[in-house]
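Working notes for the structure below.
The values are calculated or read from the model by the stated rules, or taken from the named source; none is laboratory data. Keep in mind that what you see is a predicted model, and the values were worked out from it rather than measured. Cβ: placed from backbone, ideal geometry, glycine included. Neighbour counts: every protein chain shown.
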Amino acid sequence: MTADDQVDMARSQVFGEVAEAYDAARPGYADQLVTDVLAYAAPGGRPVVEVGAGTGKATLAFAARGVRMVCLEPDERMAAVLRRNTAGHPGVAVRTGGFEDWRPGGRRFGLLLAATSWHWVDPARRWDLAHAALAPGGALALVWNPQGVRDPQVHAALAESDRRLGITGAPHARRAWEFADVPGDWPGWPEAECRRDGRFTDLRPVRYRQEVHYDTDRYLTYLSTLSGYRVLPPALRSEVLAATARTLRRYGDALTMTLCTDVLLARAR
Ligand SMILES: C[S@@+](CC[C@H](N)C(=O)[O-])C[C@H]1O[C@@H](n2cnc3c(N)ncnc32)[C@H](O)[C@@H]1O
């Protein structure tokens, strides 16, 4: 339920159904990541373009550093929350629409940021679009948030519950102790694709880690914002969430995960 090789249009447009829950339950991005991305990109006076800004989880962290941003978000309901969240940042302009439909005009950007959204952009066009939007030497920062369960017993119990209901790809299907020091251990990691494209250089994969604690209700809200859960038939989704809740209640009514933030940095030649 992270990066898909093929863009599933129906699945890419489910977030707006739960825009407020998304905003409440999805994780934000660490200050260190913002510092490192801006140090790498050194956009100077050039603006940042953000692809798939959602409700502004990454936008706000970057806008707080005073960068000017153009934020693209195709879902009106997500864009409405994004406009509300960024109202205090006059340097942030929100454009409703997908990356594929946007024209940068004469502008060239110092940084293209895509947080948990690059996999939704047309794979046949995304590198062309990114390269065309960036100034020479401008940077790409592609970000994802894989998570894994820290306790093996809890992991096994959740896996059993999912197996019974035929659910695959839940965030708790991963084991925290199997995460390597660098990203690339999940399908869809775009480093090889970016390298093959040939128009980007200085590729740097970076992984940040933190421990996160969810109480059961917050974890269920988080799950309900994931596209893989949104596309389940409602009755099955309720059953799956109820089963997950029953399992977590047997283990302290909470879940501790390792949250990785994986970033691929690259520079336009
Ligand atoms: C998982 S959300 C990530 C939102 C936000 N960046 C974050 O980190 O919380 C993915 C977002 O990408 C948007 N999206 C889907 N297809 C897109 C496309 N073709 N171009 C730009 N954004 C797209 C969705 O509407 C959704 O808001």
*Pair list, Cβ < 9 Å and 6+ apart or interchain, from the stretch 184-207 residues that are in contact (Cβ under 8 Å) with a residue 40 or more places away in the chain and among the β-branched types (Val, Ile, Thr) to residues that are surrounded by 16 or more Cβ atoms within 10 Å (Cβ to Cβ) and assigned to a strand (DSSP E or B)*: Thr201/Ala266; Thr201/Arg267; Thr201/Ala268; Val206/Thr261; Val206/Asp262; Val206/Val263; Val206/Leu264; Val206/Leu265
_I'd like the residue in the stretch 82-110 that is touching a strand residue (DSSP E or B) at 6+ places or on another chain (Cβ under 7 Å) and charged (D, E, K, R) and, out of all such residues, is farthest from the ligand (Cβ to nearest atom)._
Arg108
*Of the numbered conditions (1) in contact with a Cys (Cβ under 9 Å, 6 or more places away or on another chain); (2) part of a helix (DSSP H, G or I), Tyr219 fails exactly one; give the number of that condition.*
(1)
*Of all the strands (runs of 3 or more DSSP E) wholly in the stretch 90-181, which have at least 1 residues that are surrounded by 20 or more Cβ atoms within 10 Å (Cβ to Cβ) and among the β-branched types (Val, Ile, Thr)?*
92-96, 134-144, 147-149
_Residue ID - nearest to Gly54 (Cα to Cα), chosen from residues in the stretch 252-269 that are surrounded by fewer than 17 Cβ atoms within 10 Å (Cβ to Cβ) and touching a helix residue (DSSP H, G or I) at 6+ places or on another chain (Cβ under 7 Å)_ = Ala254
*Just checking, how many residues over the stretch 183-202 are in contact with a Lys or Arg (Cβ under 6 Å, 6 or more places away or on another chain) and surrounded by 13 or more Cβ atoms within 10 Å (Cβ to Cβ)?*
2
*Pairs, please: C-beta under 7 Å, at least 6 apart or cross-chain, first residue within 18 Å of Ala53 (Cβ to Cβ) and in the stretch 22-40, second of a type outside the set (A, V, I, L, M, F, W, C) and in a helix (DSSP H, G or I)?*
Ala24/Thr221; Ala25/Arg218; Ala25/Thr221; Ala25/Tyr222; Arg26/Lys57; Arg26/Tyr222; Gly28/Lys57; Tyr29/Lys57
_For the stretch 38-62, give me each residue that is within 13 Å of the ligand (Cβ to nearest atom) and assigned to a helix (DSSP H, G or I)._
Lys57, Ala58, Thr59, Leu60, Ala61, Phe62
_I'd like the full set of residues that are near the ligand (Cβ under 8 Å from one of its atoms), of a type outside the set (A, V, I, L, M) and under 15 Å from Leu72 (Cα atoms), limited to the stretch 111-146._
Thr116, Ser117, Trp120, Asp122
*Where Pro27 falls short, out of the listed (1) surrounded by fewer than 17 Cβ atoms within 10 Å (Cβ to Cβ); (2) within 12 Å of the ligand (Cβ to nearest atom); (3) assigned to a helix (DSSP H, G or I)*: (3)
*Please enumerate the residues belonging to the stretch 70-89 that are free of Cβ contacts under 8 Å to residues at least 40 places away in the same chain and either assigned to a helix (DSSP H, G or I) or of a type outside the set (Val, Ile, Thr) (or both).*
Cys71, Leu72, Glu73, Ala79, Leu82, Arg83, Arg84, Ala87, Gly88, His89
*Can you pull out the residues in the stretch 222-257 that are under 20 Å from Ala58 (Cβ atoms) and assigned to a strand (DSSP E or B)?*
Met257
*asked:* Give all pairs with beta carbons closer than 9 Å in which a residue from the stretch 139-165 that is basic (Lys, Arg) meets a residue that is at pLDDT 95 or above and surrounded by fewer than 22 Cβ atoms within 10 Å (Cβ to Cβ); count only pairs at least 6 apart in sequence or on separate chains.
replied: Arg150/Arg175; Arg150/Ala176; Arg150/Trp177; Arg150/Glu211; Arg150/Thr256; Arg150/Thr258; Arg164/Ala243
